[in-house]
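No value in this document is a laboratory result; all are computed from the given coordinates. Keep in mind it's a predicted model, so treat the numbers as computed, not measured. All Cβ positions, glycine included, derive from the backbone under ideal geometry; neighbour counts span all protein chains shown.
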2 protein chains.
Amino acid sequence: MLTGHYTDVEAVAPGMPDAQATIRWLITREKGARHFAMRVIEIAGKGDRIPLHAHDYEHEVFVLEGTGRALTETGSRDLVPGDYVFVEPGEKHGFENTGTALFRFICVIPNPA
Amino acid sequence: MLTGHYTDVEAVAPGMPDAQATIRWLITREKGARHFAMRVIEIAGKGDRIPLHAHDYEHEVFVLEGTGRALTETGSRDLVPGDYVFVEPGEKHGFENTGTALFRFICVIPNPA
C-alpha cells in the first residue's frame, strides 16, 4: 500500500506548453499502478485555461475545489466541487478557471501503451 | 462529454455484504468508460468499516472528506482529505471511519475483464 498527501507530490508543468496549469502525478506506473494514473491538476487564476485539445485516451475527472468550466467544441459546462466529467477518447476538450480561487480537480487517465 | 454531480448518482450497497459503506458509480463502462470506473465511497459513522479483504485488481483512492484509516494486515494508515492511497492487486486492505462525520473518498478500479 502506498499512501501520501497530494501536496507532497510536486506540481510540475504539464506536457502541453500552452496549458496554464500544473499537474501532480499522485499514482503512476512507476509507483506500481499498471492500468491507470491518478493526477491532481490545478489552474490558478481567473480565466486561466487548458485550451481545447484532443488525444486518443479518455479522462475521468472529479472537481475538488474552486469553480470552472469544461470546454467543448460546442459550448461549455460549468463545474463546481463534487462534479465529475468523463471525456471520451478523441473528444476535443479543455478546462478553465472561472473563479478567483484555485480550480483543482482529479484527472485519471489510462497508462500509455 | 458526460458531466454530473456525484450526489445525483444513487448511493447503493457495495458488493461486499459485511461492508458498512455505500457506493456511487459515477463513471462506468455502461457510461462509455472502457478502461476503468470512478466511484465515490461513503462510510457514515464512527467505527464503521469496510473489513479487510483482497481482490485481483488495484484501487486508486483520493480522500475527499472526513477522517479515517486504511487497514492493512500489518497495521493502519490515518487518512485525511487530500490523501491518496494505492492498493496493489491481491493486497489485503480495508477502510474505517475514525471521525464523527461522514468519511468520503474516490476509488478508481479497472473494469472487469
**Item:** Estimated vicinal HN-Hα couplings, Hz - region B:80-93 in sequence order (Karplus 6.51, -1.76, 1.60; Gly, Pro = x)
**Value:** 10, x, x, 7, 10, 9, 10, 10, 5, x, x, 7, 5, 7
**Request:** For chain A, set up a Gaussian network in which alpha carbons nearer than 10 Å are linked by springs, and say which option among A:93, A:59, A:35 fluctuates the most.
**Result:** A:35
**Request:** Sort shortest first the distances from residue B:12 to its counterpart in every other copy, using label points 7 Å along the Cα-to-beta-carbon line, and give them in nm.
**Result:** 3.9
**Asked** Listing B:1, A:38 from the residue with the fewest other Cβ atoms within 10 Å to the one with the most, what is the order?
**Response** B:1, A:38
**Item:** Residues residue B:18 and residue B:54, FRET efficiency given R0 of 22 Å [Cβ-Cβ distance, rounded to 0.05]
**Value:** 0.95
**Fill in**
Fewest-first ordering of B:84, A:6, A:57 by Cβ atoms within 10 Å yields A:57, A:6, B:84
**Request:** Kindly identify region A:4-113 as rounded, prolate or oblate by the Cα gyration tensor criterion: order the square roots of the eigenvalues as a ≥ b ≥ c, call it rounded if a/c is under 1.5, otherwise compare a/b with b/c, prolate if a/b is larger, else oblate.
**Result:** oblate
**Asked** How much net charge surrounds residue B:82 when only other residues with a Cβ under 12 Å from its Cβ are counted (Lys, Arg +1; Asp, Glu -1)?
**Response** -2
**Asked** Cβ under 12 Å from residue B:20's Cβ, residue B:20 left aside: what net charge do those residues give with Lys, Arg +1 and Asp, Glu -1?
**Response** -2
**Prompt:** Mind checking which of A:11, A:33, A:44 has the largest fluctuation in a GNM of chain A, springs on alpha carbons under 10 Å?
**Reply:** A:33
**Item:** Fewest-first sequence of A:30, A:91 by Cβ atoms within 10 Å of each Cβ
**Value:** A:30, A:91
**Complete:** In the neighbourhood of residue A:6 defined by beta carbon distances under 13 Å, the net charge of the other residues (Lys, Arg +1; Asp, Glu -1) is -3
**Message:** Please give the charge dipole size of the protein assembly as shown, origin at the Cα centre, charges +1 on K and R Cβ atoms and -1 on D and E Cβ atoms. Round to the nearest 20 debye.
**Reply:** 60
**Request:** Let me know the mean shielding of B:79-92 by other chains, meaning the per-residue number of their Cβ atoms within 10 Å of its Cβ.
**Result:** 5
